[in-house]
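As structure tokens, the structure follows; a few thoughts come after it.
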Amino acid sequence: MQKFDQYNAVPQLKKESQQPEEVSPGSEAGQPLARQASNGNPSHFQKILNALIDEKSEDYGISPDLVRAVMQTESAGNPDAVSPAGAQGLMQLMPDTARALGVDPTDPVQNLDGGIRYLKAMQSRFGSLDRALAAYNAGPGAVEKYGGIPPYKETQNYVKKITDILNQSR
């Protein structure tokens, strides 16, 4: 397990975020981020999620569009998503990563907060967006080992997908 400390520059929870408020997304909690209410407007859950992304992104100095692209790619906005590898929640945090970040990966607010902090840490550590995304997906050790995006097809596709999403939103 990687130790997160001052050398890895993972921002810690802010005091006011230590006990995040519970969000009750209602019956739409398991629906993908892109799903709209039947009238074509954003669902209640999506509105809450977007507000949280905006707030947390501002708190940690990261682009909310980047956070949305990562979350869409990781979980399609499903707070109950679990990958075959065991990653959990909106930002698909691995249990050891979530533990190191001090968050409950099954709590959507904490998962989002931890994922944003981890993404910001990877940006700070690697400098380039491509390397930060590769580190978020494959782990920072793989990026260091290969001196850039690792030769894993999944990671290469992941980086391309997110950068494509970001380029479309511009």
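Using a cutoff of 8 angstrom between alpha carbon atoms and counting only pairs six or more residues apart, the relative contact order for the stretch 100-151 works out to 21 percent. Here the accessible area is traced with a 1.4 Å probe on the protein chains. For the stretch 96-170, carbon and sulfur cover 45 percent of it. When peptides 137-147, 109-119 are sorted by average Cβ neighbour count within 10 Å, with the highest value leading, the order is 109-119, 137-147. Rolling a 1.4 Å probe across the protein heavy atoms gives the stretch 52-170 an accessible surface of 43 Å² per residue.
Sequence gap at least 6, Cα distance under 8 Å: using those rules, report the relative contact order of the stretch 68-170 to the nearest whole percent.
On the way: 130 pairs, mean separation 17.9, N = 103.
About 17 percent, as a whole number.
Starting from the Cα of residue 152, move 7 Å in the Cα-to-Cβ direction to define the label point; list residues of the stretch 67-82 whose amide nitrogen is under 15 Å from there. Counting only backbone N, you get 74. For the pair residue 106 and residue 44 in one chain, pulling the backbone fully straight at 0.36 nm per residue adds 20.4 nm over the alpha carbon distance.
Amide H to amide H, with H built 1.01 Å from N, residue 43 comes under 5 Å of 37, counting only residues 5 or more places away or on other chains.
A simple rule links phi to the HN-Hα coupling: the Karplus curve 6.51 cos²θ - 1.76 cosθ + 1.60 with θ = phi - 60°, which for the stretch 43-57 gives 5, 4, 4, 5, 4, 5, 4, 4, 5, 5, 4, 4, 5, 5, 4 Hz, with x for Gly and Pro.
The values are calculated or read from the model by the stated rules, or taken from the named source; none is laboratory data. Computed from a predicted model, the values in this text were never measured in an experiment. Glycine also receives a Cβ, built like all others from the backbone with ideal geometry; neighbour counts cover every protein chain displayed. Keep in mind that these areas ignore ligands, DNA and RNA; they rest on the heavy atoms of the full protein, side chains included. Shrake-Rupley method; radii C 1.70, N 1.55, O 1.52, S 1.80 Å.
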